[in-house]
Amino acid sequence: MIGDEQVDESKKVNMTSKERGQFIRILLNYQTLRVENLIRMYFGIDSDRSSLEEIGHEYECSTRKVRYHMNKGLGRIWVSVINGDKMFPHEGMEEERKKCKQLKEYVEEVNPDLVHKELPYHYSKFLDEFMLCLIDGVENKIYTFPF
């Protein structure tokens with residue numbers, strides 16, 4: 001039993017919530033400004049959390065269009081985290097690859113299905129769950145999320 005506990009401790013990902021938050025903000029910067037803002041507003045990253053309706057009203061578009069653009073951005077973040085080596089192939093991007101690997105290991109530890117399953121056809125809830133997993137414990141204004 002004692003040996004099992006030591007193995008579990010060694011598997012823990014050494015990435016603080018502050019580091020996760022910083023890297024999530026970096027990944028958001030790889031999005032278009034509009035998609036970045038949609039994700040930030042919806043998940044309450046560095047702002048108050050907004051509903052799809054509120055975001056749609058602000059951008060003068062339907063909630064369906066908001067969800068469409070947000071899913072594209074969340075999908076890119078998911079692919080970046082899952083395939084960090086392919087997303088950051090250039091020299092000088094070693095830090096990004098390392099952080100993606102750490103985020104992937106963190107998500108695997110919390111919910112392996114979010115890493116190992118294929119992206120479902122209707123993936124809104126899946127991507128929401130993935131993003132919530134990433135930002136869990138990260139200092140921002142989101143604490144609960146109604147599905």
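Annotations for the structure displayed:
- If the segment from Asp113 to Tyr30 were pulled out straight at 0.36 nm per residue, it would be longer than the present Cα-Cα gap by 27.4 nm.
- Computed extension length for His90-Glu53: 9.4 nm, one decimal, from 0.36 nm per residue of separation with the Cα-Cα distance subtracted.
- Maximal additional length on extending the Lys65-Glu129 stretch stands at 21.1 nm, based on 0.36 nm per residue less the C-alpha distance.
- Pairs from the table (Lys65/Lys101; Lys18/Lys101; Lys104/Lys125; Lys86/Lys117) lying more than 22 angstrom apart at Cα are Lys65/Lys101.
- FRET E, pair Arg97, Met15, Förster distance 22 Å, beta-carbon r, rounded to 0.05: 0.95
- Dipole of the range 16-132 computed with +1 at Lys/Arg Cβ and -1 at Asp/Glu Cβ about the Cα centre; of Tyr59, Gln22, Met41, farthest Cα towards the positive end is Tyr59.
Values quoted throughout were computed directly from the atomic coordinates according to the rules given, and no laboratory measurement underlies them. Since the structure is predicted, the reported quantities are computational estimates derived from the model, not experimental observations. Using ideal geometry, Cβ is built from the backbone for each residue, glycine included, and neighbour counts are taken over all protein chains shown.
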